């Protein structure tokens, strides 16, 4: 099951996981609230991020809405014109699409992104951020490490 259908399936799963996790954390914690899962190592900490990853470019709501829409459109055009045959490429595109969509919903609805995964040595992030990062790493590795079938 590769191609456009798989990209959309992965995107739907990633987006749903992101939305459900944000809903659960928001229902359980007040803004700024924190619950240790592994004390001193991993906490659930509810924060609001008006910038990009790690809070850079704060208050760039409309820029990031535009960037998210552009990324979503680019992936949609790509998969409609050239359905990916490679499972890893399909997975990567689906993760990026689902993650971008999840954070886009937050930016449009709230004006910020809901973050809650707190490893204490890294800025707080969310499932959508993880999907975008993992998808991008997969694409970069696919581009940079040539595959040869012998």
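A short reminder: the numbers here are calculations on the coordinates, not readings from a lab. Source: prediction; values computed, not measured. For neighbour counting, all protein chains shown are included, and Cβ atoms are generated from backbone atoms with ideal geometry for every residue, glycine included.
Going highest first, how would you order 90-99, 115-124 by mean Cβ packing within 10 Å?
Highest mean packing first, the order is 90-99, 115-124.
Helix-only mean residue ellipticity at 222 nm, the chain, DSSP H runs n ≥ 4 weighted -39,500 (n - 2.57), per residue, nearest 500. What is it?
About -20500 deg cm²/dmol.
Just to confirm the number: angle between the C-alpha axis of helix 87-110 and the first principal axis of the chain, 0 to 90 degrees, nearest 10?
Between helix and principal axis, roughly 40 degrees.
Would you work out if the stretch 68-150 is rounded, prolate or oblate? Take a ≥ b ≥ c from the square roots of the eigenvalues of the alpha-carbon gyration tensor; rounded if a/c is under 1.5, else prolate when a/b is larger than b/c, oblate otherwise.
oblate
Return one number: the angle in degrees, 0 to 90 and rounded to the nearest 10, between the long axis of the Cα atoms of helix 127-144 and the longest principal axis of the Cα atoms of the chain.
30 degrees
Going by the alpha-carbon gyration tensor, a ≥ b ≥ c the square roots of its eigenvalues, is the stretch 47-87 rounded (a/c under 1.5) or, if a/c is not under 1.5, prolate (a/b greater than b/c) versus oblate?
Prolate is the answer for the stretch 47-87, as a/c is 1.5 or above and a/b outweighs b/c.
Measure nothing fancy, just the Cα-based angle from helix 61-81's long axis to the longest principal axis of the chain, in degrees from 0 to 90, nearest 10.
With rounding to tens, the tilt is 30 degrees.
How high is the relative contact order of the chain, in percent, with contacts defined as C-alpha pairs under 8 Å that are six or more residues apart?
Computed over the chain, the figure is 34 percent.
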